[in-house]
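The values are calculated or read from the model by the stated rules, or taken from the named source; none is laboratory data. Predicted model, so just to flag it, every value in this text is computed and none were measured. Positions of Cβ are generated from backbone atoms using ideal geometry, with glycine treated the same way; all protein chains shown enter the neighbour counts. For accessibility, only protein heavy atoms count, side chains too; no ligands or nucleic acids. Shrake-Rupley method; radii C 1.70, N 1.55, O 1.52, S 1.80 Å.
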Amino acid sequence: MNWDETTDAAAPGPDRLVGASADREDQAVEAALRPKELDEFIGQEKVREQLDLVLRAARARGATADHVLLSGAPGLGKTTLSMIIAAEMSAPIRITSGPAIQHAGDLAAILSSLQEGEVLFLDEIHRMSRPAEEMLYMAMEDFRVDVIVGKGPGATAIPLELPPFTLVGATTRAGLLPPPLRDRFGFTAHMEFYEPAELERVIHRSAHLLDVAIDTAGAAEIAGRSRGTPRIANRLLRRVRDYAQVKADGEITRDIAAAALGVYEVDGRGLDRLDRAVLEALLKLFGGGPVGLSTLAVAVGEERETVEEVAEPFLVREGLLARTPRGRVATPAAWDHLGLTRPQAAPGGGGQQGLFGA
Ligand SMILES: Nc1ncnc2c1ncn2[C@@H]1O[C@H](COP(=O)(O)OP(=O)(O)OP(=O)(O)O)[C@@H](O)[C@H]1O
């Protein structure tokens, strides 16, 4: 594998235990935990089945695999799948990211140094600069780029043939890509959040690789708090392992997992301190809403963006909070989750009772 020097994959991650982006510790251990073959990759059945066909057919033809677009939230296995594609095609892989390619020349340098059949993994492909994106169109379709030499009226385009290669693009949302780019991928796969049972399998597999003893109930307890994301499951497993070593005999059971994650303030559903602070403010200070985002942010002492981009997506996905035109509103499940009693509907309706019923 060849990490492009310009990749920003080593950028510091968030300090949240349940954050989905990779932090430095994740990067250090993830290489050891990544499945290496399609058969080892857990869940995402449809994506695996379809990709298997694409790769087998290419191998049978002795051809380079079609370009692949992977979309899905961080930590669901896009980088892992790109490495599996390379391994299944017995091809080398080069890894870079959209933000690292600011000039068309950056991309030309990478493309012109690819070997025949090589896999180019372009993470956050939607964040590439426009000129680089346009160069990529031709490279993907015709395996050719025009390198511009000189400036102004005297500039000339020198065509450069490229060896056939497979581009694997990754993006959090395929809808962010301009259609001409999206259309140039032969195969597009959307990765879903994982079911708890699948995360349990991820945890058992990782525990085995890390030589950690864990029972079924212990794995289930961690899986339920992992927010549908293998990266978070692996991270929680490492924190629970520490606790089990220090406070017990090293084996992870349900009680050990629950106690360890209690110390880290990750609750039974995977909410952390910030998520709960937002919900608590919404319920206790504003009766469940509706309340404006800015007011809610002031109440929890956080920036508006932090509440909107860090806490809310998971709360919305879990059905605990709704974004409505009138403001943020807690759902009945939010009251239940925090063990609070919903206020009775005021005569004449209104408030959140009016939005969600009594
Ligand atoms: N299906 C899976 N089976 C087992 N482990 C998985 C699976 N998917 C992801 N993982 C593990 O989760 C971690 C994160 O995966 P990966 O880096 O591939 O995610 P990603 O989607 O590329 O994230 P990002 O978008 O932040 O780059 C890796 O350690 C990997 O081993």
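Looking only at the range 67-78, which residues are touching a helix residue (DSSP H, G or I) at 6+ places or on another chain (Cβ under 8 Å) and open to solvent by 10 Å² or more (accessible area, probe 1.4 Å)?
Filtering the range 67-78 down to residues touching a helix residue (DSSP H, G or I) at 6+ places or on another chain (Cβ under 8 Å) leaves 67-72, 74-77.
67, 74, 75, 77 - these are the residues of the range 67-78 that are touching a helix residue (DSSP H, G or I) at 6+ places or on another chain (Cβ under 8 Å) and open to solvent by 10 Å² or more (accessible area, probe 1.4 Å).
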*Within the range 79-118, can you find the residues that are within 16 Å of the ligand (Cβ to nearest atom) and under 16 Å from residue 41 (Cβ atoms)?*
79, 80, 81, 82, 83, 84, 85, 86, 87, 88, 93
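Being open to solvent by 10 Å² or more (accessible area, probe 1.4 Å), among the polar types (S, T, N, Q) and under 23 Å from residue 196 (Cα atoms) is true for just one of 295, 331. Which residue is that? Before the answer, list the steps.
Working: 295 fails: under 23 Å from residue 196 (Cα atoms).
Criteria check complete, one pass: 331.
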_Unmet requirement for residue 99, which otherwise passes all of (1) more than 30 Å from residue 240 (Cβ to Cβ); (2) without any contact (Cβ under 8 Å) to a residue 40 or more places away in the chain_ = (2)
_In the range 175-196, the residues that are out of contact with any helix residue (DSSP H, G or I) (no Cβ under 6 Å at 6 or more places or on another chain) and in a loop (DSSP other than H, G, I, E, B)_ = 178, 183, 185, 186, 191, 192, 193, 194, 195
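Residues checked against (1) under 18 Å from residue 318 (Cβ atoms); (2) out of contact with any strand residue (DSSP E or B) (no Cβ under 9 Å at 6 or more places or on another chain); (3) assigned to a helix (DSSP H, G or I):
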position	(1), (2), (3)
261	yes, yes, yes
266	yes, yes, no
276	yes, yes, yes
282	yes, no, yes
288	yes, no, no
295	no, no, yes
298	no, yes, yes
305	no, yes, yes
*Spot the failing condition for residue 256; the list is (1) over 22 Å from the mean Cα position of the chain (by Cα); (2) over 21 Å from residue 196 (Cα atoms); (3) part of a helix (DSSP H, G or I), and only one is missed.*
(2)
*asked:* Looking at (1) closer than 26 Å to residue 31 by Cα; (2) modelled with pLDDT of 95 or more; (3) away from the ligand (no atom under 16 Å from the Cβ), which one does residue 217 not meet, given that it meets all the others?
replied: (1)
*asked:* Name the single residue that is most open to solvent (accessible area, probe 1.4 Å) among those in the range 116-150 being aliphatic (A, V, I, L, M) and closer than 16 Å to residue 102 by Cα.
replied: 148
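Mind checking whether some residue in the range 151-170 is hydrophobic (A, V, I, L, M, F, W, C), more than 30 Å from residue 270 (Cα to Cα) and within 12 Å of the ligand (Cβ to nearest atom)? Walk me through it before giving the result.
Just the residues of the range 151-170 that are hydrophobic (A, V, I, L, M, F, W, C), to begin with: 155, 157-158, 160, 162, 165, 167-168, 170.
So of that shortlist, the ones also more than 30 Å from residue 270 (Cα to Cα) come out as 155, 157-158, 160, 162, 165, 167-168.
From the residues that got through so far, the ones that are within 12 Å of the ligand (Cβ to nearest atom) too are 168.
Scanning the range 151-170, I find at least one residue that is hydrophobic (A, V, I, L, M, F, W, C), more than 30 Å from residue 270 (Cα to Cα) and within 12 Å of the ligand (Cβ to nearest atom), so the answer is yes.
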*asked:* So for the range 44-53 (the condition being part of a loop (DSSP other than H, G, I, E, B), under 22 Å from residue 118 (Cβ atoms) and either more than 10 Å from the ligand (Cβ to nearest atom) or in contact with a strand residue (DSSP E or B) (Cβ under 8 Å, 6 or more places away or on another chain) (or both)), does at least one residue qualify?
replied: no
